[in-house]
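A.B. asks: The structure under discussion is supplied below as structure tokens; questions concerning it will follow.
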Amino acid sequence: MPQQHLENLITRLHDEFSPGQTSPQQQQLLNELQNQPTHPSVKDTANQLLESLEVEHPQAAGILREIIETLSRLGL
């Protein structure tokens, strides 16, 4: 269940952005989240992305916080 919830959150996060709405670095971090959702470093990736998005994209930041909580529940 948490794995499916994580995948749904990552999809919601991607849906928050139109093409060109993120910097190349932010897009790279978004892609890492989507391509490696259970990799041990994914929580670091989510935290980096949260820091870069929280001011300009508060809704995306909220989703990222939920992703980080779900990763913690998964033991990552």
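A.B. asks: If I fit a long axis through the Cα atoms of helix 58-73 and take the longest principal axis of the Cα atoms of the chain, what angle between them do I get, 0 to 90°, rounded to 10?
C.D. replies: Rounded to the nearest ten degrees, it is 20.
A.B. asks: Here's something else I'd like to know. Compute the accessible area per residue over the chain, keeping the other protein chains in place, probe 1.4 Å, unit Å².
C.D. replies: Per-residue accessible area for the chain comes out at 61 Å².
A.B. asks: Taking only Cα atoms and a 10 Å spring cutoff, compute GNM fluctuations for the chain and point out the largest among Pro37, Pro58, Pro19.
C.D. replies: Most flexible of the set in this elastic network: Pro19.
A.B. asks: Could you look at the chain and say what percent of its accessible area is carbon and sulfur, using a 1.4 Å probe and all protein chains? Mind dumping the intermediate values first?
C.D. replies: Details: 2110 of 4620 Å².
Ligands and nucleic acids excluded, carbon and sulfur reach 46 percent.
The values are calculated or read from the model by the stated rules, or taken from the named source; none is laboratory data. None of these values were measured; they are calculated from a predicted model. What goes into the accessible areas is simple: the full protein's heavy atoms, side chains included, and nothing from ligands, DNA or RNA. Shrake-Rupley method; radii C 1.70, N 1.55, O 1.52, S 1.80 Å.
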